[in-house]
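Bear in mind these aren't lab numbers, they're just calculated from the coordinates by the rules spelled out. It should be emphasised that the depicted structure is a prediction, and the values quoted were computed from it without experimental measurement. Cβ placement follows ideal geometry from the backbone for every residue including glycine, while neighbour counts extend to all protein chains displayed.
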Amino acid sequence: MQSEYRQRRQAVMEAIGGGTAIFRSAPMAVMHNDVEHPFRQESDFFYLTGFNEPEAVAVLAPHHDEHQFVLFVRPKDLEKEIWSGYRVGVEAAKARYGADEVYSITELDEKLTQYVERAERLYYHFGCDRSFNDKIVALWQRLIATYPKRGAGPVAIEDAKLLLQTFRRVKSPAELARIRRAVAITAKAHNHARAIAQPGRYEYEIQAEMEHIFRLEGAIGPAYPSIVASGANACILHYIENNRQMQAEDLLLIDAGCAYDYYNADITRTFPVGSQFTPEQRTLYELVLEAQLQAIEAVQPGRPFNEFHDAATRTITAGLIELGLLAGEVDQLIEEKKHKAFFMHGTGHFLGLDVHDSGILRNPDKTWRPFTAGNVVTVEPGIYISPHYEPAEGQPAINSRWLGIGVRIEDDVLVTESGHEVLTAAVPKTLAAMEA
Ligand code: GLY
Ligand code: MN
Ligand code: MN
């Protein structure tokens, strides 16, 4: 894996030419009082280094005579390590992470300047660590002030997170292997959830059993807070209380995925808690499934990123008109965003190191960038009819049988050279399978 991190740094260094890029690790986050959250490295930092500790800085300085890749890390401290875990330390980091030079993070102020002072520009992402941001600005101002005398220095700061988006959008075989493992574990958990859900059980029981499988299979844990939403709870997009007792006529919407070795899966299935859909549930399920299949068809190399959302939106809007839930003509309803009363989110996002992964979607002229082989994207249309639904002006009142139904179907799709591969195909979604 070290050679892959090196290749990634090489590619970024080619892109920045005479510039210097500075990446800050994630901080150690406090949950409450002095209890710490489990550490999770900042994704760009991890992508370039594989280094998994807080209080670190990575520098890429391709123009520097001696050191093109420099790490600043926490020094060894046996007493602190007893409390909060092993530290790689300065000595070991050099060999283990392939850095040309490694310093203690305590030497940052003293050592950083030499890697920036002759750079043509500086790449840095202003993150939430304000004091670190201030440090970078102060360094830059100092170098600008002395530019006339030195005749060199970074004339601008560009965003380092934007810089990485192009690279992270395309997954390598090593990344895909991790996503496939995350997907396989998540598929097992979803299939188990469908087998055990029944009237009388609580949503959190399903959550617990799924997350049990995640951990038991070696995943880090949930990639995001698991949504186990029965009945009308499915109409709350980010419902995470998961504390309701399920009833026989409910649908159960489960949006859950695990993180495996830093890579994520993101799957949603919706099925009846009892044995059968009601007629309205079945109708909406079939419509969402049709929209999802149409959207997946639009996930192809060369097809612009908006087309899969447009496909889902058109299918759903036309279907809602046919059912009498919307009134009007497809194009106009979409133009007026009327479909958003029932389908109010996007159809998908890139997936990888982050659940909502890096990747620039549009060009400066507002056209959408096309999918390319190696992209992994979720495809997740839905229809949600709130129990409190009130039609907009000119739209029909709807029968109460439709109220409180929420359906989403979400798969993770890899763009290949010739088309696509649904990575999450091991979790069934046909109407028949949902009633089995
Ligand atoms: N579960 C997060 C999402 O679907 O985007
Ligand atoms: Mn999801
Ligand atoms: Mn998603």
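Summary of values
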| item | result |
| --- | --- |
| Label-point separation, Glu91 to Ala432 (7 Å along Cα→Cβ), nm | 6.6 nm |
| Under 14 Å, Cβ to Cβ, from Thr268 - net charge with Lys/Arg +1 and Asp/Glu -1 | -2 |
| Separation in nanometres of the label points that stand 7 Å from Cα toward Cβ, at Leu78 and Glu421 | 4.9 nm |
| Sorted by Cβ neighbour density within 10 Å, fewest at the top, the residues Asp34, Asp412, Asp100 | Asp34, Asp100, Asp412 |
| Contact order normalised by residue count of the chain, Cα under 8 Å, 6+ apart, percent | 13 percent |
| Principal axis dimensions, segment 2-45 - Cα atoms, whole angstrom, descending | 44, 22, 10 |
| Radius ratio Rg over Rh of segment 259-398, counting only Cα atoms, Kirkwood formula for Rh | 1.00 |
| Lys, Arg +1 and Asp, Glu -1 on Cβ, resulting dipole of the chain about Cα centre, debye, nearest 20 | 660 debye |
| Most positive-pole-ward Cα, Trp140, Gln395, Thr372, against dipole of the chain from beta carbon charges | Trp140 |
| Cα pair distances in segment 184-244, grouped into 10 Å bins until the bin that holds the longest one, percent each | 23, 54, 22, 1 |
| Estimated dipole of segment 1-51 in Debye, rounded to 20 [Cβ of Lys and Arg +1, of Asp and Glu -1, Cα centre] | 180 debye |
| In Å, descending, principal axis extents of the Cα set of segment 1-130 | 44, 31, 29 |
| Over segment 112-229: Kirkwood hydrodynamic radius from C-alpha pairwise inverse distances, Å | 18.7 Å |
| Diffusion coefficient, µm² s⁻¹, Stokes-Einstein with Kirkwood Rh over alpha-carbon pairs of segment 260-327 at 10 °C and 1.306 mPa s | 114 µm²/s |
| Dipole magnitude of segment 284-362 about its Cα centre (Cβ charges: Lys, Arg +1; Asp, Glu -1), debye to nearest 20 | 180 debye |
| Prolate/oblate/rounded call for segment 131-185, Cα gyration tensor, a/c under 1.5 rounded | prolate |
| Structure-based [θ]222 nm, the chain - -39500 (n - 2.57) summed over DSSP H runs of at least 4, per residue, nearest 500 | -11500 deg cm²/dmol |
| Footprinting exposure proxy for Met210, Met434, Met1 (fewest neighbouring C-beta atoms within 10 Å first) | Met1, Met434, Met210 |
| Helical segments meeting 15 Å axial Cα length and Kyte-Doolittle 0.0 threshold in the chain (DSSP H) | 130-145 |
| Percent of Cα pairs exceeding the 34 Å cut-off, where the set is the chain | 42 percent |
